[in-house]
Every structure is written in C-alpha cells, then in structure tokens.
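Taking it in order: structure first as structure tokens, then the write-up.
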Amino acid sequence: MIKLPTPDTSHHSAIISLGTYRPARIVKNDELAARIDSSDEWIRERTGIIERRFAAPDETIVTMGFEAAKQALEQAEINATDIDVVIVATFTHRYQTPSAAAEIAALIGATHASAFDLGAACAGFAYGIGIADALIRAGSASNVLLVGAEKISDFTNFDDRGTAFLFADGAGAAIIGQSDVQGIGPTVWGADGAAREAIIMEPDTVTAGKQGVPSLLTMEGQRVFRWAVGSMGEVCDRALADAGVTPEDIKAFVPHQANMRITDALVKRLKFPESVIIARDVTVSGNTSSASIPLALDALRQSGSIKSGDPVLMVGFGAGLTFAAQVALVP
Ligand SMILES: CC(C)(COP(=O)(O)OP(=O)(O)OC[C@H]1O[C@@H](n2cnc3c(N)ncnc32)[C@H](O)[C@@H]1OP(=O)(O)O)[C@@H](O)C(=O)NCCC(=O)NCCS
C-alpha cells in the first residue's frame, strides 16, 4: 500500500486583520414604523435598534464583501495571491451559483485560492472562523479570507410587524492566518434542523424551479428569542471552558447583534464582571446576520475599547437553527 504524506499539523492560527463595509444610507426607525403601525419608541424598547444601514440598489453581496475584504487584506499586509481559501458566509446572495466567494476571490486577485459560500445564516461568521482555524492548523491553508456579507433588505417584508425593523445590510471580513501562538480557541458549534421553520426563506411557490427566487424572510420571533436566550448561555460556557478561560478573563463579549434584549439576557446569564465590554453595535447596525460579529468587533477596536491581543468571546446564532462560539484574540 502506498504511504501518503502526513500533513504538518504543527501550525497555530489567529485572526490577523479585520475589514468592514457599512452602506451609506442610514435608515431610522421612523422610516419603517409607519407601514407596520409601530413607533421609534417600541422598536428601541424591544430591540435596542435606533438605526440601521440599507445598501443601494446597485450594491450586492459581492461589492460589499469586496470592500470589506480589500480593507482586511491591506491591514494584513499580505498579497492577495497568498490567500489559499476564500469563504463567504451569507444567506442573501442572489445567485445559487456561482458563489459570491469565487467572484470576490477574482476581484481581489486571490488567484491561487479555492472559494466557496457558507450557509449558516447568522452563525456564518463564527462557523467560518472555526473552519479557517481548522484548515490552518491542519496544514491545508496558510491564509484564509473570511467574509460575512448580507443584503437582507432585498428579502425583508416591510409590511411584516415581526421582521421589518430588525434586519439590515453590511459586510465584514477577516484574514485568518498562521501565527506563532494560537489565537483562536476551540469552536463550539451545532445545528438543529428540526426547528428549520423558525427563520425561513422558502422558495417562491410560483417561480421555484423556474427562476429559483427565494421568497421573503419569515420568522417566529418569540420562538427564536426563547431559543437564543435559553440555550446560547451554555454554548458560551462551553466555548470559555474549552479555551481554558473564565468570564473574568474575557476583555469583551461580542454576541451576534440580533437584539439588545437577547444580548442583555446572555450577559446576565454568563455573569460577566463589570469590566467586560459588551458589543452593542445593534443600536446603529440592526441585525446584519453574518456581518454582525465582524462589524461589532471592529467597532470596539476603532473606539479603542479593545486592543490587539485582547481575548474576546464571540457567539453567532440564527436560521437553521445554527450556532457557533469561540474565544479569540483581537487582531
Ligand atoms: C421580533 C420581536 C421584537 C417581537 O417582540 P415580541 O414581544 O415577541 O412581540 P409579540 O409578537 O409578542 O407582540 C407583543 C405586542 O406588541 C405588539 N407588536 C408586535 N409587533 C409590533 C411592532 N412592530 N410595533 C408595535 N407593536 C408591535 C403586538 O401587537 C403585541 O401587542 P399586545 O400585547 O397588545 O397584543 C421579538 O420576538 C424578538 O426580538 N425576537 C427575536 C428575534 C431575533 O432576534 N431574531 C434574529 C435571530 S438571528
């Protein structure tokens, strides 16, 4: 029997850089509230959201993801040709094929990279960190470009009182690369397809198979709320324990920016000391799904609240239902 080479698995991985893209158009609660018999006050009180960004008609997953990727690449000080894998986490790319990742790889000049899209909705970025970490430690890649990009406004029913005010658009990116020390803790992840209908974009029953156009997003808000608050605490506990740290060791908590009340409930459940900084980017960004964690992480970095080397706990959760959490060091 031939002997296949044993891969060199002695590498460490870390998040090397971050990039973001926020569309220019700011949408205040009042703009959305009238159509759903709601108010700025109700939306703020139930979600913490004050405003969000909507992409322009000509902006796409590819254009927004490319802008974020460009920033991450510049900051990482590597050449695009040094990227081995491009992963785009998204659930709002309009094409079944080709992938947004292949397009972004071409635009950025990552001519040696493999590329694929990752469908884990709001857990997409945290899933991607776990995959990139594993690829690098296994010796299968040296540099991975991970992008989370969404244009959820394309799939929002602005007459739906349960979703019209929650979701938004944007993109975040990270380069995950080889490092002298391990900068990414073990990823705790999972999925529960039995709850698939809790957040869903079904194929349009009229055009499915012809144009393949997904219908607008629908959500059982209270069910998702209870699931996130009831089960993400334990997922975070496990991510902390697997990384060998306690809540006191963490500099910042960066949960998926779904809703301020979910964040507040998780903060209470995890018993973080006052010193731990809590990401609250949802106030100005809404829920941008796979883009929310990198946008929130970068906002904390830009404000000077966290600095390179600080340990942060990230947790993503959403449609699937999917979830993923890990501790990582700030690039
Ligand atoms: C969407 C969400 C804010 C709705 O809040 P809720 O408290 O569950 O709302 P309910 O549907 O139970 O309605 C409660 C009351 O508010 C009213 N209401 C519902 N939507 C409203 C709106 N947009 N504006 C004003 N009032 C509204 C209802 O009529 C109801 O009034 P009543 O008590 O007089 O009957 C909440 O369920 C939520 O945040 N869920 C989690 C969603 C999420 O984060 N998903 C993404 C995860 S990735």
Inset, instruction - Counting residues in segment 1-47 as N, plug N into 2.2 N^0.38 Å and put the Cα Rg over that result. - result: 2.66
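For the chain, with all protein chains present and a 1.4 Å probe, just round the carbon and sulfur fraction of the accessible area to a whole percent. Each step should come with its number before you reach the end.
Working: 7480 of 14360 Å².
Result for the chain: 52 percent of the exposed heavy-atom area is carbon or sulfur.
Roughly speaking, what % of Cα-Cα pairs in segment 91-174 are separated by over 19 Å, rounded to a whole number? Intermediate values should be presented prior to the final figure.
Values: 1582 of 3486 pairs.
I get 45 percent for the Cα pairs in segment 91-174 exceeding 19 Å.
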Legend entry - Paramagnetic reach from A134 (point 7 Å along Cα→Cβ, amide N under 20 Å) across segment 213-257: 235-244
Inset, instruction - Under 21 Å Cα to Cα from K28, which lysines show up? Leave out anything in the same chain fewer than 8 places away. - result: K151
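Calculate, in nm to one decimal, what E77 and D58 gain on full extension: separation in residues at 0.36 nm each, minus their alpha carbon distance. Write out the running numbers ahead of the final one.
Details: separation 19, 0.36 × 19 = 6.84 nm, distance 2.96 nm.
Full extension of this stretch gives 3.9 nm more.
For the chain, what is the mean residue ellipticity at 222 nm derived from helices alone (per DSSP H run of n ≥ 4: -39500 (n - 2.57); sum divided by total residues; nearest 500 deg cm²/dmol)? Write out the running numbers ahead of the final one.
Details: 9 runs with 101 residues, N = 331.
-9500 deg cm²/dmol, from helical runs alone.
Where Rh is the Kirkwood radius over the Cα pairs of the chain, the temperature 20 °C and the viscosity 1.002 mPa s, what D in µm²/s does Stokes-Einstein return? Could you put the intermediate results ahead of the total?
Details: Rh = 19.8 Å.
Diffusion coefficient, whole number: 108 µm²/s.
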Legend entry - Per residue, in Å², the accessible surface of the chain once ligands and nucleic acids are set aside, probe 1.4 Å: 43
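Would you be so kind as to identify all helices of the chain, as entire DSSP H runs, whose Cα atoms reach 27 Å or more along the helix's own axis and whose mean Kyte-Doolittle hydropathy is at least -1.0? Write out the running numbers ahead of the final one.
On the way: long enough: 221-243 (32 Å, 0.02).
Helix filter hits for the chain: 221-243.
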Legend entry - Reach of K251 by Cα under 26 Å, taken over lysines that are not fewer than 8 positions away in the same chain: K268, K271, K307
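Find the Rg to Rh ratio for segment 292-331, where Rh is the Kirkwood radius over alpha-carbon pairs and Rg uses the same atoms. Walk me through the numbers before you get to the answer.
Numbers: Rg = 11.4 Å, Rh = 10.9 Å.
That ratio is 1.04, to two decimals.
The values are calculated or read from the model by the stated rules, or taken from the named source; none is laboratory data. Predicted model only: the values in this text are computed from it and were never measured. Cβ: placed from backbone, ideal geometry, glycine included. Neighbour counts: every protein chain shown. Remember, those area values only see protein heavy atoms, side chains included, never the ligands or the DNA or RNA. Shrake-Rupley method; radii C 1.70, N 1.55, O 1.52, S 1.80 Å.
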